[in-house]
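One structure follows; several queries about it will come next.
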Amino acid sequence: MSTIAVIDYGMGNLHSVAKALEHVGDGVEVWVTADPDKVRAADRVLLPGVGAIRDCMAEICRLGVDQEVAEAIASGKPFLGICVGYQALMQHSEENGGVDCLGHFEGRVNYFGDELKEEGERLKVPHMGWNQVSQTIDHPLWADIPDNSRFYFVHSYYVKAQQADLVAGRTRYGVDCDVAMARDNVFTTQFHPEKSHTVGLQLLKNFLSWNGKV
Amino acid sequence: MALAKRIIPCLDVENGRVVKGVQFVDIRDAGDPVEVAKRYDEQGADEITFLDITATHEGRDTMVHTVERMASQVFIPLTVGGGIRTCDDIRTMLNAGADKVSINSAAVFNPEFVREAAERFGSQCIVVAIDAKKVSQPGETDKWEIFTHGGRKPTGIDAVEWAKKMVDLGAGEILLTSMDQDGVKNGYDLGVTRAISEAVNVPVIASGGVGNLDHLVDGCIEGKADAVLAASIFHFNEYSIPEAKKYMQERGIEVRL
């Protein structure tokens, strides 16, 4: 039986992602947990997150999730970060007056700004709803998902990666946003696959069958 | 590449059944909420909103179970509203599987509740529902006021100012229902929709009064809404979600097909 640890650091709604994994998982055992032994024992690890980065980072550090994440990434097992769970892997976020993050990827998390515009039209913040994702690399997690499919987003801060070759997907919302990154056994998404209907479920399914190699 | 306008079917749920009234009375049964939600999910709805119009405790418990059942079968965002008064209510609904909650009357009675909720759960899951009715006379400058209790009680609060205040307190989205229009199928009140959408920086969902697909188009283009909500045109199979999306796309609106 395959197992996946969804790291629970007290932020946001883990029900959705757990249910979606169970739905596509064909018998996968989903552990919603912060217990380091369980995270270590799981075949796959998922770092979710919603809410403000300062609170998320505070809980991540308080509960030792930073260590669990570092260990899981180093172990080579498939690792998926979603939304704030993705942003937390970057070096630094502008949110809450500036918060240092875990630094597994080089780059920053920036505010969309109050004056966001596209071709003269004002854009609302948060970026909320279904936007197209262009797949900038081939990756096992994009399997059977058409390029430029729409995924569900809800965020006010976006990732600007420094390592362009690690960007796996991009979206345009007033600015170019790096909405997916990939390196070795790690894949991250700004959008919510668990809320992105057929294409999102396909991505989770791909994650559950991925061996962590590119 | 652009963000799609969202189409949101709304389910008014009472004691575990979908109902739909005309101007909040004359209720017709429209089925089991989970079945209805699954149908919309399969048709390509972008989100689902659930309004609990039950008054009893038993009805509330039924609602929590309904949300739980739905969340394990529907993988698009789910908003739950109706009777959300405390952070415990929010926690219960989020734990049951809701992605967002919609706060209505409780925000009017205690605006600080919106701040507390947004700080605790994040603005992304706090929708403030505004029921607005036009109070200006023909010839006067347009003015809309907030009503509570299903549109029965005026509050004297200006709708546009109120929306701005709610966003300042942390609302991540505004669900705007025009009370004159709700259930009568003459289209959204485009004036108030546009006024509020232009006044705030967060997404605005237009609601109340959809009778045909042009109303959805008008809500997006003239009303400048970021999402359009409708109930009866979908429940009673007058139009399907794909028909609505195709119609909107043909008129130049970005949709998710």
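Throughout, read-outs are computed from the coordinates displayed, never taken from laboratory work. No experiment lies behind these values; they were computed from the predicted model shown. As a convention, Cβ positions derive from the backbone with ideal geometry for all residues, glycine included, and neighbour counts pool all protein chains shown.
Rg(Cα) of chain A divided by 2.2 N^0.38 Å? Walk me through the numbers before you get to the answer.
On the way: Rg = 16.0 Å, N = 214, 2.2 N^0.38 = 16.9 Å.
In units of the 2.2 N^0.38 Å rule of thumb, it is 0.95.
Further question on the same structure: Per the Kirkwood treatment, what hydrodynamic radius in Å, one decimal, follows for the stretch B:1-109 from the mean inverse distance over all distinct Cα pairs?
Values: mean 1/r = 0.0704 Å⁻¹.
Roughly 14.2 Å, rounded to one decimal.
Cut-off 16 Å, label point 7 angstrom out along Cα-to-Cβ of residue B:119: give me the residues of the stretch A:46-65 whose amide nitrogen falls inside.
Counting only backbone N, you get A:52-56.
OK, next. On full extension of the chain, what length is gained from residue A:94 through residue A:115, given 0.36 nm per residue of separation minus the C-alpha to C-alpha distance?
Numbers: separation 21, 0.36 × 21 = 7.56 nm, distance 1.64 nm.
Working it through step by step, the gained length comes to 5.9 nm.
Quickly work out the residue B:198-to-residue A:138 label distance, labels modelled 7 Å from Cα along the C-beta direction, and quote it in nm with one decimal.
Label at residue A:138, label at residue B:198, 5.1 nm between them.
Further question: Summarise the partner chain shielding of B:3-9 as one whole number: the mean count of Cβ atoms from other chains within 10 Å of each residue's Cβ.
Details: counts 15, 5, 2, 4, 0, 0, 0.
Mean number of neighbouring Cβ atoms from other chains: 4.
Across peptide B:68-79, what mean number of C-beta atoms from other chains lies inside 10 Å of a residue's C-beta? List each step's numbers first, then the result.
Details: counts 2, 0, 0, 6, 7, 2, 3, 16, 9, 11, 2, 0.
Taking all residues of B:68-79 together, the mean is 5.
Hey, another quick one. Return one quarter of the surface area of the convex hull spanned by the alpha-carbon atoms of the stretch A:161-214, equal to its mean projected area, in nm².
Projected over every direction and averaged, the Cα hull of the stretch A:161-214 covers 4.1 nm².
Same structure, new question: Grab the alpha carbons of the protein assembly as shown, take their convex hull, and tell me the volume per residue in Å³. Walk me through the numbers before you get to the answer.
Numbers: hull volume 64.2 nm³, N = 471.
Roughly 136 Å³ of hull volume per residue.
Now for a different question. I need the calculated FRET efficiency for the pair residue B:65 and residue A:22, taking r as the beta carbon distance and R₀ as 25 Å, to the nearest 0.05.
On the way: r = 18 Å, r/R0 = 0.71.
Computed FRET efficiency for residue B:65 and residue A:22: 0.90.
Quick check: pseudo-label points 7 Å beyond the Cα along Cα→Cβ at residue B:238 and residue A:163, how many nm apart are they?
The two pseudo-label positions are separated by 5.5 nm.
Give the shape of the stretch A:21-117 as rounded, prolate or oblate, defined through the alpha-carbon gyration tensor: a ≥ b ≥ c are the square roots of its eigenvalues, a/c under 1.5 means rounded, and otherwise the shape is prolate if a/b is larger than b/c and oblate if not.
On the way: a/c = 2.22, a/b = 1.69, b/c = 1.31.
Since a/c reaches 1.5 and a/b is larger than b/c, the shape of the stretch A:21-117 is classed as prolate.
Related question: Scattering from the C-alpha atoms of the stretch B:150-257 alone, worked out with Debye: what is log10 I(q)/I(0) at q = 0.10, 0.24 1/Å?
Summing over Cα pairs of the stretch B:150-257 leads to -0.28, -1.32.
Could I ask something else about it? Can you give the extra length, in nm with one decimal, that the chain gains between residue B:142 and residue B:87 once fully stretched, where that is 0.36 nm per residue apart less the Cα-Cα distance?
Working: separation 55, 0.36 × 55 = 19.80 nm, distance 3.53 nm.
Here the answer is 16.3 nm.
Kindly rank A:114-122, B:197-205 from highest to lowest mean number of other beta carbons found within 10 Å of each residue.
Values: A:114-122: 10.6, B:197-205: 21.0.
The densest-packed peptide leads the list: B:197-205, A:114-122.
Now for a different question. Where does the stretch A:1-54 land on Rg/Rh, using Cα atoms and the Kirkwood Rh?
Details: Rg = 11.1 Å, Rh = 11.4 Å.
Dividing the radius of gyration by the Kirkwood radius yields 0.98.
Still on this model: Per-residue Cβ counts within 10 Å, from other chains only, averaged over B:249-257: what number is that?
Shielding by partners across B:249-257 averages 2.
Right, here's the next one. Taking only the alpha-carbon positions of the stretch A:64-159 and ignoring solvent, what does the Debye formula give for the base-10 log of I(q)/I(0) at q = 0.22, 0.23, 0.24 Å⁻¹?
The Cα Debye sum returns log10 ratios of -1.28, -1.30, -1.32.
Find the centroid of the Cα atoms in the stretch A:39-89 and in the stretch A:100-117, then give the distance between the two in whole Å.
18 Å
Please get the size of the charge dipole for the protein assembly as shown, origin at its Cα centre, with Cβ charges of +1 on Lys and Arg and -1 on Asp and Glu, quoted in debye to the nearest 20. Please list the in-between numbers first.
Details: 47 positive and 69 negative charges, 43 e Å.
For the protein assembly as shown, the charge dipole is close to 200 debye.
State, in angstrom, two size descriptors of chain B derived from its alpha carbons: Rg to one decimal place and Dmax to the nearest whole number.
16.8, 52
Okay, moving on. Would you mind pulling out the separation of the Cα centroids of the stretch B:166-238 and the stretch A:153-214, in Å?
31 Å
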